[in-house]
DNA sequence: TGTTTTACATACCGATTCGCTTGTAAACAA
DNA sequence: TTGTTTACAAGCGAATCGGTATGTAAAACA
């Protein structure tokens, strides 16, 4: 009872979705491909047919939502863009909002940050992750460089960029570990504006804050 | 050839130190007690004699450096303490400095943040960790509450506390993933002061910053 | 001095683990 | 209609896992 091409694609996507749930619940290392197969209603044969091994499976899961490198740069340097710093701020809020509104993104980031051991076995995923982070920091640094005049004295663009990234990661990390901790969507703007107020001498808080 | 009590204690500590290295290098789940035993020059018998299982082994590793709950509170509310906010700021810098100067603390935090899947198996460690985080946030919130008048309008003590914690975790996370990313010890004060400048209306930067 | 306890090593257990090979029925191409 | 390929299922094998049970020599104690 061999499946048609379309059926095979469904099988593949089903395996991905199932693995996502299992990885999220039990951790990557603690999930065997046998478990993935069973939960997907297939055997390991199917899993190994579609994916080389667990590492590649995870990698393709992440590829589903991983923003392409250029995407961030395009977004920041678009011709329609306003001030670089305002741009950077908006991107930050967008990233948080995108996460709040997309369960899959939330799941995958949770897996990356909390349910996954960055060991040699997963070196591919690990490298790409670090790479993306450094790219993000470099891009942010560029933006701060352009708005250098507005930086408080003693704060270099690089330091600003790293502080921005640390805050981003920290907020994500906290929020993913304890989803009830705060309302990301509502509070993210206040947090980023607060940070920018510290980084810049003349930051105007554009958005209305929830004052509680 | 049974060992003396002192020898046994050495064995135990040796196992702990060896496991720390293996966990750090290969991740907790990817390290078997067999590997720990071999690398320690003993057999699994010894490991199981000293520790119930891997989870308890990890737990006792963390207990070596885990600050006690009261410790933070005492530190913040000491009679000799100055202004609550200055206190909080100094604590932050101290925590970062303690990490920069203590390899074991760095290792264990790296294991916790990057080499460990928070799954049911390790629920003990996980709970204690979350507990500690919430405690830290609550304490920070208290301090901000005391200095509430100095908070920028629209920023609640709770939001300030969470932003502070996010920044702390983010800085640690970044630094542990990529040790060359920045010089924690040197830049931590600048980062925290920047954040405080954003949180407070009148924050005076006390320390000299490395301006580069 | 004799007995008990300690600090392990050794051995065994059933349960998984991954990776590979082989089987197979049906889809698809010629 | 007849190969050929596809999309898996099923089975194999060696390794390894954690947990436990048992053996043992020497330390600790009475």
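What the table below lists for this structure:
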| quantity | calculated |
| --- | --- |
| Cα-based helix-to-principal-axis angle, B:5-26 vs chain B, degrees rounded to 10 | 60 degrees |
| Principal-axis tilt of helix A:123-146 within chain A, Cα atoms, nearest 10 degrees | 20 degrees |
| Within the range A:48-81: backbone nitrogen closer than 16 Å to the residue A:14 label point (7 Å, Cα to C-beta) | A:48-51 |
| For residues of A:127-140, the mean tally of beta carbons on other chains within 10 Å | 1 |
| Other protein chain Cβ atoms within 10 Å, averaged over every residue that makes up B:114-122 | 6 |
| Relative contact order of chain B, defined on C-alpha pairs under 8 angstrom at six or more residues apart (%) | 20 percent |
| Helix B:103-114 vs. chain B, principal-axis angle (Cα, 0 to 90°, nearest 10) | 90 degrees |
| Whole-angstrom Cα spans of the range B:69-199 along principal axes, big to small | 43, 32, 31 |
| Top of B:119, B:110, B:11 by mean-square fluctuation, Gaussian network on chain B, Cα under 10 Å | B:119 |
| Within a Gaussian network of chain A (alpha carbon springs, distance under 10 Å), most fluctuating of A:60, A:74, A:142 | A:74 |
| Within 10 Å of each Cβ in B:169-179, the average number of Cβ atoms from other chains | 6 |
| Kirkwood-type radius of the range B:57-141, with distances r between different C-alpha atoms, in Å | 14.1 Å |
| Euclidean distance of C-alpha centroids, the range B:42-69 and the range B:5-31, integer Å | 8 Å |
| Ellipticity estimate at 222 nm from DSSP helix runs (n ≥ 4, -39,500 (n - 2.57)) divided over the protein assembly as shown, nearest 500 | -22500 deg cm²/dmol |
| Cα gyration tensor of the protein assembly as shown - equivalent ellipsoid semi-axes, whole Å, descending | 37, 31, 18 |
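Where a number appears in this text, it was derived from the coordinates with a stated rule and is not lab data. Note that the coordinates shown come from a computational prediction; the quantities given were computed from them, not determined experimentally. Every residue, glycine among them, receives a Cβ derived from its backbone with ideal geometry; neighbour counts consider all protein chains shown.
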